[in-house]
Amino acid sequence: IGSQTGRLITSGYRNTCLGAFAGENILDGFVNVCLGYSAGQTITSGAGNVCTGQVSGSNITTGYNNVCIGNGAGTGGTAITTGGQNIYIGLNAYSSANNVNNETVLGAGITGKGSNTTSFRAWGGSNVYIRENYGYNNIGGFTIDGDGTAETNGRSLVLGRGDGATAWHLLCGLNNEL
């Protein structure tokens, strides 16, 4: 539904497109959801993509199983085109490269850090809670950039300003709770 929406679909199937130019270039792509002006506009043979919001995922061509929620999500200077299994949620949540895989980006105005990474941005005054699932003893790599850095060191989480002047150590409890 909408001007030029899904207009090139030939053998593609189970695509849902709503909004002007949404899914406009789908040829043989399947099971894509494109909601909003130009959402998923350049998908050709991509599959399983969910693009919700104005121009979200608008540069995906053959990418697969990407989730782009929010105006401009998954677009930007290095917009996702061929990568897969990525999640971009937030206004202008951008990919780090056009062929990145397994990248998760949460928050407004943030660019991902590459394949197999999770990046998030919480605007000032926000509380951020991170908790690991029970049954695992490894926190994994953890980085906070911008005003400071954080990295795991065994069962400690080290937070600092990035200039080495100040650092705080938080020890993990029995279940890796901070």
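Is it the case, given these coordinates, that L18 is more than 17 Å from the chain's Cα centre (by Cα) and modelled with pLDDT of 95 or more?
Spelling it out, L18 is indeed more than 17 Å from the chain's Cα centre (by Cα) and modelled with pLDDT of 95 or more.
Listed conditions (1) under 21 Å from T42 (Cα atoms); (2) part of a strand (DSSP E or B); (3) modelled with pLDDT under 95 are all met by I80, apart from (2). The set of residues from segment 61-95 being within 18 Å of A22 (Cβ to Cβ), open to solvent by less than 10 Å² (accessible area, probe 1.4 Å) and hydroxyl-bearing (S, T, Y) comprises just one member, Y88. The one condition from (1) open to solvent by less than 70 Å² (accessible area, probe 1.4 Å); (2) at pLDDT 90 or above; (3) not in a strand (DSSP E or B) that N98 does not meet is (1). In segment 1-50, of all residues being in a strand (DSSP E or B) and of a type in the set (F, W, Y), the one that is most open to solvent (accessible area, probe 1.4 Å) corresponds to Y13.
The values are calculated or read from the model by the stated rules, or taken from the named source; none is laboratory data. Fair warning: this is a prediction, and the values are worked out from it, not measured in the lab. No Cβ is skipped: glycine too gets one built from the backbone with ideal geometry, and neighbour counts run over all protein chains shown. Calculation scope for accessible area: heavy atoms of the full protein, side chains included, ligands and nucleic acids excluded. Shrake-Rupley method; radii C 1.70, N 1.55, O 1.52, S 1.80 Å.
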